[in-house]
Structures are given as structure tokens and as C-alpha cells.
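Visitor: Attaching a single structure in C-alpha cells format; questions to follow.
The values are calculated or read from the model by the stated rules, or taken from the named source; none is laboratory data. Given the structure is predicted, the values throughout are model-derived calculations rather than measurements. We place every Cβ from the backbone using ideal geometry, glycine too, and count neighbours over all the protein chains shown. Accessible surface areas use protein heavy atoms only, side chains included; no ligands, DNA or RNA. Shrake-Rupley method; radii C 1.70, N 1.55, O 1.52, S 1.80 Å.
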Amino acid sequence: MAFLGKGFLRAVAKRGLSSQFVQTPFKSQRSLSSLDPLPNKRLQLPSALIKSTLDSATCFPQDNPHFSWDSLLACLPSLSSDKARLVLKWKLEKMLKGNERDYDQYLYLMSLCAKIRNASLAMHVFTSMEVHGIKPTTSLFNSLIHACLSSKDLITALSLFEIMQSSEDYKPNDETYETFIIGFSSLGNTDAMKSWYSAKKAAGYCATLQTYESLVSGCIKARDFDGADRFYDEIKSSGIMTSETILENLLEGFYRRRRFNQVKEFIKSCLEVWQEISVKMVEKVVGLYSEHGKVEEMEELLSTVVESGQAVTVLSQVNSGIIRMYATLNRLDDVEYSVGRMLKQGLSFRCADDVEKVICCYFRVEAYDRLDLFLEHIKRSHKLTKSTYDSLVAGYRRAGLSQRLDTVIKDMELAGVR
């Protein structure tokens, strides 16, 4: 058998490369406008023209600084599944024609296949390597399994594992078990995830921080909160330092169960160990308290983050939550006190929406003179936006305060807001 040869192909064919995988482009925070313009523009052509476009020296001269594999990768999130597949297939052909022997290049290409959830393309990369005399390794098998799991092609993933078990040259390793744990965690299949965790331990491999991140995340995703708590206890007893990802997932579990006391104690314990908490964690707590009107708990949270010297972004998040909550409850005295306290801390409003929540509170309680003072007070640290001016115009118009309405419109014009 040449590396895998017919035995490999027969095994996969027998178990089947499932057709029920999802081919969707992977997400990216990069906006379309931030991409290199030349590749992005050219790849908006019909799929049938992608390969010829990429091959065209006229469109993409190799010495053009805009032409690079990295710039093409940056375009992938904006492409359809089919176009992303064609770009990766084109890259594979270039690698094979250039007699590329670097395993890392193929591993990276297969990881991209996993990102676009295309198991069949990952399989094509794998088998093409064999045809060109590139011997498979355990790492390449692991990458192919990852692509299959990302595509929800469980049958092929398990078939590959069985082939690895019966081989001499590419036996399953720690990464193999980790790949299955991560894959089933992402799918929210906690039973399979836990089974592979047990299999990993039975094979003599220890749990790592990444293992626990996947286990806790998978449990929370599947609403198996008791399972998440057990794994967290296991982390603590193992002596492994937990990660921010694990803490955020545990907090998510408390949030979903509305465990207010546990949330409070958890935040305190996090600060004792880590000395800091992430903005994401604070957003979750603020959202929970706001949703259920927990004013006292919110004030206590502010005291905790101030005393522990948290980052400005964290302080700003909590202050904002308190102000919005008081504004929603029409507790104007508390709103003004909270705004003053925030400004004394050297902070300002995070966004126009927060300001507008306060303005609406003033209008609801008909405290127009106090609104004037509020606007004067915040002008030094916050520039009013068009939406804020619109809120003022609408409010004064409803109240029939024509003089104040005229003043706001003039201020708006002077500020150059239209």
C-alpha cells in the first residue's frame, strides 16, 4: 500500500463521506472595506471566472504588492462557500505544481477547509498529497478529522480514527483526542465530548487547559451546568490555572440560571485570583442585573471594581449600566448622582444611547430646568450626536416648549449637526 492507497480510500468509501455537511463561510471581524482592494475586487466575479482570474498575470502580477496569499485569505470571509472553495483549490494546485513539500503548508490549507466547513475539499487536499508522494502523518490525519467534525461529517471522522488505530505510522496522539473533544464541544454533544475525554485519559494522556476550556464550553452550550461545575472543580483540584475563557463560560452558566448570589461570589473569587475581570464578564453581569432590576447588586459591583482598581473600560461599563437602570426606573435623583460620580472618576458617557436614556428620563418626569443643567454639565466631556439632538427636539416639541426647541435647533446648527 502506497502510504494510504486503496486501503484508505476503501475504508472511507465504506463508511461514507457524509453529504450532510454545512458549507458556510467562516466569520471574521474584518470589514469588507479593510481588505486589500485589488484581490477583493477581482474575486467579486462569477465563480466560473475565479480560477482564470487568479491565474492571470495581468490581473495579479507577482510583483504587485497587493497580490499575496495573505491578501487572498483576507478576502475569504466575504466570499460565498463556492468561491472560497475555488480559492483554496487553486492554492492547492499551485502548491502541487510547485512541488511543495512543507507539511505545515498543507496543514494550514486543511485548517482553512475546516474554517469554511468543507470536509470534501480537505479530503481532496489529503489524497492529492498522497498522489504526489507526500507521506501522511498523524498531524495531517488530525487536521482532516478537524475538518470533518467542523462539517458535521462524524462518520468520516470516526473512520479516520479507526484507520489511525490500525496503522503503524500515524497512530492517534494527544492532539487526536483533543480534536474530537473540541469538535463535539462545538457541536454541543456533551455525551460524545465526555466519552472522548474518558478515552483520552484511558490512552494515558492528561487533560490540559485547552481540554478543560472545551469541556466547560460544551457543557454550558448544552445547558449541562452541573457538568460544567464538576469540570471546574476538577480544574481546581488539578492545580491547573484556569483561563478567562473558562471563567466567562462559568459566568454564562450562572447567568442562564439566574444565580445572583453565585455571580457575586464568583466575581469576588475571580478578583482574588486574577486581580482583574474582563469587559465581557462585566457586560454579562451588568446585563443580568439590569434585566432583573438588581440595583443594589449593581452598586455593590461598582464598589468592587473601583476598590480592586479595574480598567477604565470595566468601570465605564458598570457606571453605564447603573445610570441606564436608574433612568429606566425614573429615579432622577439617583441618575444625577450616578452621572456626577462617573464624571468625578474621570469617565464620560460611553455612547449616545446612554445619554438619550437619561434625556428621556428628564422628559418623563418633566424636569426641564434640570435637563438644561445636565446638558451643560456633560458638554465638556461628551459631544452631542444627531440622534441625541433629535431626542431633544422630539421631547421639547411634545412638551410644547417652543423656546427651548428653538434653542436646541440653533445649537444643532452651530455644532454643524444635520
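Visitor: Students often get this wrong, so check it: of 194/284; 344/383; 221/264; 83/280; 200/236, which have C-alpha atoms separated by over 24 Å?
Guide: Working: 194/284 27 Å; 344/383 18 Å; 221/264 22 Å; 83/280 34 Å; 200/236 20 Å.
Where the Cα-Cα span goes over 24 Å, the pairs concerned are 194/284; 83/280.
Visitor: Could you estimate the translational diffusion coefficient of the range 193-265 from the Stokes-Einstein equation, with Rh from the Kirkwood formula over C-alpha pairs, at 20 °C and 1.002 mPa s, in whole µm²/s?
Guide: Details: Rh = 12.6 Å.
Estimated via Stokes-Einstein, D reaches 170 µm²/s.
Visitor: Explain nothing, just compute: Karplus ³J(HN,Hα) = 6.51 cos²θ - 1.76 cosθ + 1.60, θ = phi - 60°, for every residue of the range 130-147 in order, whole Hz, x for Gly and Pro.
Guide: 5, 4, 8, x, 9, 6, x, 10, 4, 4, 5, 4, 4, 5, 5, 4, 4, 5
Visitor: Could you pull the accessible area for residue 277 with a 1.4 Å probe, rounded to 10 Å²?
Guide: That residue has around 10 Å² of solvent-accessible surface.
Visitor: Continuing with this model, one more query. Need the list of lysines near residue 97 for cross-linking: C-alpha distance under 16 angstrom, and skip anything on the same chain fewer than eight residues off.
Guide: Within the straight-line cut-off, residue 97 pairs with 51, 89.
Visitor: Another question, then. Mind ordering 139-152, 308-321 by average Cβ neighbours within 10 Å, highest first?
Guide: Values: 139-152: 24.8, 308-321: 18.6.
With the highest mean Cβ count within 10 Å placed first, the list reads 139-152, 308-321.
Visitor: If you plug each phi of the range 350-366 into the Karplus form 6.51 cos²θ - 1.76 cosθ + 1.60 with θ = phi - 60°, what whole-Hz ³J(HN,Hα) values come out, in order, with x for Gly and Pro?
Guide: 6, 7, 4, 4, 5, 4, 5, 4, 5, 4, 4, 5, 4, 5, 5, 9, 6
Visitor: Please give the solvent-accessible surface of residue 328 in Å², to the nearest 10, using a probe radius of 1.4 Å with every protein chain present.
Guide: Accessible area, nearest 10 Å²: 90 Å².
Visitor: Here is a follow-up. Do you know the relative contact order of the range 181-257, to the nearest whole percent, from alpha carbon pairs under 8 angstrom that are 6+ apart?
Guide: Relative contact order comes out at 30 percent.
Visitor: Given Cα pairs under 8 Å that are at least 6 residues apart, what percent is the relative contact order of the range 296-383?
Guide: Relative contact order of the range 296-383: 26 percent.
Visitor: Provide the solvent-accessible area of residue 110, counting protein heavy atoms only and rolling a 1.4 Å probe, rounded to the nearest 10 Å².
Guide: Counting only protein heavy atoms, residue 110 exposes about 0 Å² to solvent.
Visitor: Now for a separate question. Determine ³J(HN,Hα), in whole Hz, for all residues of the range 275-280 in sequence, where each value follows from phi through the Karplus function 6.51 cos²θ - 1.76 cosθ + 1.60 and θ = phi - 60°; x replaces Gly and Pro.
Guide: 6, 7, 10, 7, 4, 4
Visitor: Roll a 1.4 Å probe over the protein chains and send me the accessible area per residue for the range 78-172 in Å².
Guide: Spelled out: the 1.4 Å probe surface of the range 78-172, per residue, equals 39 Å².
Visitor: How much net charge surrounds residue 109 when only the other residues with a Cβ under 13 Å from the Cβ of residue 109 are counted, with Lys and Arg +1 and Asp and Glu -1?
Guide: For residues surrounding residue 109, the net value is +1.
Visitor: How large is the Kirkwood hydrodynamic radius of the range 102-199, in angstrom, based on all distinct alpha carbon pairs?
Guide: 13.3 Å
Visitor: Counting only protein heavy atoms and using a 1.4 Å probe, what share of the accessible area of the range 78-172 belongs to carbon plus sulfur, as a whole percent?
Guide: That share works out to 49 percent.
Visitor: While we're here: With all protein chains present and a 1.4 Å probe, how do 103, 212 order by accessible area, largest first?
Guide: Numbers: 103 75, 212 10 Å².
Listed by decreasing accessible area, they come as 103, 212.
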